[in-house]
Amino acid sequence: MDDQTIEQEIQTKGDSPAIRVTPDMITAAIVSSDFHVLPDTQITVCTITLRNGTKVLGYNYGAIDPARQNWQQGRQAAYDMAREKVWEL
């Protein structure tokens, strides 16, 4: 289940009176993201910076076969991992 599906289910049930973090709040808290590829690897690292200055890391190992590496997918996977870790905070 993705964030939007979970949020829609919570809204439909209407059983969450407590203040809670929503996917939109996570998105609004992100002020920047930086990407780095480790030298001589397919490993992509993403650093997300939150508006309070906190930095959160995500990474993607890339394809096992370097000839099949898709850099855009690696960036997206690293970003998605970092964004998911924001929920832990």
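On a 0 to 90 degree scale, rounded to 10, what angle separates helix 71-86 from the longest Cα axis of the chain? Result, in degrees: 40. Estimated purely from DSSP H runs of n ≥ 4, each contributing -39500 (n - 2.57), the mean residue ellipticity at 222 nm for the chain is -11500 deg cm²/dmol once divided by its residues. Remark on Ile43: its backbone amide H falls under 5 Å from those of Leu38, a criterion applied only to residues 5 or more positions apart or on other chains, H modelled at 1.01 Å from N. Computed from Cα positions, the angle between helix 3-13 and the longest principal axis of the chain comes to roughly 10 degrees. Restrict the search to the chain; then list the trypsin sites (Lys or Arg not before Pro) that DSSP places in a loop and that have at most 11 other Cβ atoms within 10 Å of their Cβ. Those satisfying the criteria are Arg20, Arg51.
For Gln69, neighbours were defined as the other residues whose beta-carbon sits under 14 Å from its Cβ, and their charges (Lys and Arg +1, Asp and Glu -1) total 0. Remark: relative contact order (region 25-75) = 29 percent; criterion is Cα-Cα distance under 8 angstrom and separation of 6 or more residues. Per residue, region 27-89 exposes 68 Å² of accessible surface when a 1.4 Å probe is rolled over the protein heavy atoms with every protein chain present. In the list (i) 1.09; (ii) 1.00; (iii) 1.19, the label attached to Rg/Rh (Cα atoms, Kirkwood Rh) as derived from the coordinates here is (i). For Ala63, the residues whose modelled amide H falls within less than 5 Å of its own, excluding neighbours fewer than 5 places apart on the same chain, are Asn70.
The string of couplings for region 20-30 from the Karplus curve (6.51, -1.76, 1.60, θ = phi - 60°) is 8, 7, 10, x, 5, 5, 4, 4, 5, 6, 7 Hz, one whole number per residue in order, with x for Gly and Pro.
Here the chain is assigned +1 on the Cβ of each Lys and Arg and -1 on the Cβ of each Asp and Glu. Its dipole about the Cα centre then comes out at about 240 debye.
The values are calculated or read from the model by the stated rules, or taken from the named source; none is laboratory data. Small disclaimer: the values here were computed from a predicted structure and weren't measured. Note: ideal-geometry Cβ built from the backbone for every residue, glycine included; neighbour counts use all protein chains shown. Areas reflect the complete protein model, heavy atoms only, side chains present, ligands, DNA and RNA absent. Shrake-Rupley method; radii C 1.70, N 1.55, O 1.52, S 1.80 Å.
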